[in-house]
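**Q** Here it is, the structure, as structure tokens.
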Amino acid sequence: PGRARRLLLSQLFQPLSLPVGEAGWEGRPGEPTCRSQRLMLQGGLIHPTSPGCFCYLPPTVRAMEKLIRLMDEEMQAIGGQKLSLPCLSSAEPWRASGRWDQMGPELFRLLDRHNHSYCLGPTHEEVVTELVASQSNLSYKQLPLRLYQVTRKFRDEPKPRFGLLRSREFYMKDMYTFDASEEAARHTYDQVCDAYCRLFSRLGLPFVKVQAATGSIGGTTSHEFQLPADIGEDRLVLCPEGHFAANVETLNGEQTSCPTCGERLTETKGIEVGHTFFLGTKYSSVSNAVFSTPENKPQLAQMGCYGLGVSRILAASIEVLSTEDSIRWPSLIAPYQLCFIPPKRGSREEEEGVAQLERVYDDLAEALPHLASDTVLDDRTQLTIGKRLKDANKLGYPYVVIAGKRVCEDPPVFEVWNQNAGEVLFLTKEGVIELLSKVQV
């Protein structure tokens, strides 16, 4: 009683292979790998099962759930309502929209025992529009309707690569909006884009919003949210003053100067982590998704759709924030915020250090209960402090608290590593608790 339940590193299912040769399905000699893929495999965050499919291990699921909570906050702040649509979708609505043929081999297709065609959803425009169209008494008073979900999606990638950056099964947050007029739908579009900007800013990610092609989703306006990175598969052009940014696939010919200020455009590569589309009535006209106007006349809803790659944001953030051999998470979504390292077994400080560290652990859990489940104790005391600190650094805990030689002083002093700021502090128990009270989870 009175003691916090300690989360011991030795009991976590996180099979480390630090460092490791290229391993698994995508580590065959000559196949491209990237920093995030290598670090996630080495850190026991993902495990490949077949090309483009992965087991997400417990730390990754923790990070993903934190990310989804942030997305929920931003989506619900703009009136989003969360639902869940089936992954398995009948071919009929896809045929009606023309995308059954248009999507080609990217669509995972299957037949049921009655010989009916289905696909595994890469996206859900058809399904959600059918859902809204089935509400025969929808009124203009119920609009705007902003429906979103976070689910697994499937795409039969010809060459899955780079771990979670280009996989065949992935997680996505997708929102579908229904408005009473084009003007209202454009306002919704701006609101969702602003919510995406807020999310990436909260994560501390260096994103750019660029003009983009509408592709197989369709519509008249589209933007991508990109994280500049050397291994990115999109080519972007950016105005150095911030007036203009576009994916080169949207440009006619070679555009070299900014249309606003005339400055020379710079080119970079990017990883797409979000995409927004203004759809108009492209899907509502196919499914007859109508609402009744104030004059009680049926009118087609104006639509938009908006995607955020959940698993891709995890990998892309590791890609752009980490060093070559150490993971750096956006601090809000780190699987665990804090790692405690007690003295080595048999050392002079062992007895005093363990007692003092356990005291800090318990006092911290009492003072900051929200951090209690975000704290790991590295109980591998057969290893030196240096070896465990190296592992903690590689795994990217934002804070590491060590009971080293100075733990025997009066009062005891702990060594605290603030990984994201790159600084080492020497603090008393009270100092440790004060420092960590500023941590957001």
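**Q** Take the residues in the stretch 184-196 that are hydrophobic (A, V, I, L, M, F, W, C) and closer than 18 Å to Asp174 by Cβ; name whichever of them is nearest to the chain's Cα centre (by Cα).
**A** Among residues in the stretch 184-196 that are hydrophobic (A, V, I, L, M, F, W, C) and closer than 18 Å to Asp174 by Cβ, the one nearest to the chain's Cα centre (by Cα) is Ala195.
**Q** So which residues in the stretch 293-329 are in contact (Cβ under 8 Å) with a residue 24 or more places away in the chain, over 19 Å from Arg38 (Cβ atoms) and not small (Gly, Ala, Ser), if there are any at all?
**A** The answer is Thr293, Pro294, Gln299, Gln302, Met303, Cys305, Tyr306, Leu308, Val310.
**Q** Working carefully through the options Ser89, Ser84, find the one that is modelled with pLDDT of 95 or more and part of a strand (DSSP E or B).
**A** Ser89
**Q** What tally of residues in the stretch 185-218 results from selecting those that are surrounded by fewer than 17 Cβ atoms within 10 Å (Cβ to Cβ) and in a loop (DSSP other than H, G, I, E, B)?
**A** Final tally of qualifying residues: 6.
**Q** Can you tell me how many residues within the stretch 277-331 are acidic (Asp, Glu), surrounded by fewer than 16 Cβ atoms within 10 Å (Cβ to Cβ) and under 30 Å from Arg62 (Cβ atoms)?
**A** Residues that pass the stated criteria total 2.
**Q** Could I ask something else about it? Any idea which of Val127, Val150 is touching a residue at least 60 places away in the same chain (Cβ under 8 Å) and surrounded by fewer than 22 Cβ atoms within 10 Å (Cβ to Cβ)?
**A** Val150
**Q** Same structure, new question: Which condition breaks for Asp156 when tested against (1) open to solvent by 30 Å² or more (accessible area, probe 1.4 Å); (2) under 27 Å from Tyr189 (Cβ atoms); (3) at pLDDT 95 or above?
**A** Single failed check for Asp156: (2).
**Q** Would you check if there is a residue in the stretch 225-241 being assigned by the TED database to the domain that holds Lys66, polar (S, T, N, Q) and farther than 27 Å from Lys282 by Cβ?
**A** no
**Q** For the stretch 346-441, list the strands (runs of 3 or more DSSP E) that sit wholly inside it and hold at least 2 residues that are within 30 Å of Glu65 (Cβ to Cβ) and open to solvent by less than 20 Å² (accessible area, probe 1.4 Å); which are they?
**A** 375-377, 399-402, 414-418
**Q** A follow-up question, please. For the stretch 238-341, give me every one of the strands (runs of 3 or more DSSP E) that falls completely inside it and has 3 or more residues that are under 30 Å from Leu389 (Cα atoms).
**A** Hits in the stretch 238-341: 338-341.
Yes/no matrix, rows are residues, columns are (1) more than 22 Å from Gln302 (Cα to Cα); (2) more than 28 Å from the chain's Cα centre (by Cα):
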{"position": "Ser97", "(1), (2)": "no, yes"}
{"position": "Met103", "(1), (2)": "yes, no"}
{"position": "Phe108", "(1), (2)": "yes, no"}
{"position": "Asn115", "(1), (2)": "yes, yes"}
{"position": "Leu120", "(1), (2)": "yes, no"}
{"position": "Val127", "(1), (2)": "no, no"}
{"position": "Leu143", "(1), (2)": "no, yes"}
{"position": "Leu147", "(1), (2)": "no, no"}
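**Q** Any residue at all in the stretch 132-144 that is open to solvent by less than 50 Å² (accessible area, probe 1.4 Å) and either within 30 Å of Ile46 (Cβ to Cβ) or outside the structural domain of Gln299 (by the TED database) (or both)?
**A** So far as the stretch 132-144 goes, no, none of its residues is open to solvent by less than 50 Å² (accessible area, probe 1.4 Å) and either within 30 Å of Ile46 (Cβ to Cβ) or outside the structural domain of Gln299 (by the TED database) (or both).
**Q** While we're looking at this one, here's another question. Could you say whether any residue in the stretch 368-378 is modelled with pLDDT of 95 or more and within 20 Å of Ser347 (Cα to Cα)?
**A** Yes, the stretch 368-378 contains at least one residue that is modelled with pLDDT of 95 or more and within 20 Å of Ser347 (Cα to Cα).
The values are calculated or read from the model by the stated rules, or taken from the named source; none is laboratory data. As the structure is a computational prediction, the values presented were derived from the model and not from experiment. FYI the Cβ positions are ideal-geometry reconstructions off the backbone, even for glycines, and counts take in every protein chain you see. Accessible surface is based on the protein model in full, side chains and every heavy atom, while ligands, DNA and RNA are left aside. Shrake-Rupley method; radii C 1.70, N 1.55, O 1.52, S 1.80 Å.
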